[in-house]
Amino acid sequence: MTPQSCLVVGWDRHPDSLAAARFAAALAVPLRAHIHIVHIVDLDDEPIDPDAPDWEEQYRANVTAEAVTARALLDDVPASWTYHSGHGSPADLLAQVADRYGALMVVVGSPRSGLMGYLDSVLGQSVAHRLIGARRVPLLLVPADTQVGDGDVPE
């Protein structure tokens, strides 16, 4: 398949992110889109014990595991894809990749619910709210329980 457009997907192995990646993979074929998976390295990637003698090895293993999980999800998808990893604001990095490649849309998992979701929103930490505020590219929010049809993407 020769890509005619691209999709940018936020990635972090959480259920909502996994649903977003699967949904984007299902969209990529009919849209003839290249997928840019963007993993923002954050505290979830850091080992629990900052004083562990093998902290750096654990950290590298965690970051590598993110890429391996994305590869396992996308290797059998009949669309091309690229994996990006970086540090910084998730919303800013997603917007930068979307701008750089002229993305059709950014696909992310839906914001957290409950008190933590509210605090993220109020404190300006919600990726979805920040991307909406930027108004640079359309945003697709995918809830964690979204099911993609059988045969659309690998399980």
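The values are calculated or read from the model by the stated rules, or taken from the named source; none is laboratory data. The model shown is predicted, which means the values in this text are computed figures rather than measured ones. All Cβ positions, glycine included, derive from the backbone under ideal geometry; neighbour counts span all protein chains shown. What goes into the accessible areas is simple: the full protein's heavy atoms, side chains included, and nothing from ligands, DNA or RNA. Shrake-Rupley method; radii C 1.70, N 1.55, O 1.52, S 1.80 Å.
Ordering 24-30, 6-12 by mean Cβ neighbour count within 10 Å, with the highest value first, yields 6-12, 24-30. 3J(HN,Hα) along region 91-98, derived from phi through the Karplus expression 6.51 cos²θ - 1.76 cosθ + 1.60 where θ = phi - 60°, amounts to 5, 5, 5, 4, 5, 5, 5, 4 Hz, with x in place of Gly and Pro.
Counting only protein heavy atoms and a 1.4 Å probe, region 43-83 has 66 square angstrom of accessible area per residue.
The modelled label-to-label distance between D42 and V29, using points 7 Å beyond Cα along the C-beta direction, is 3.1 nm.
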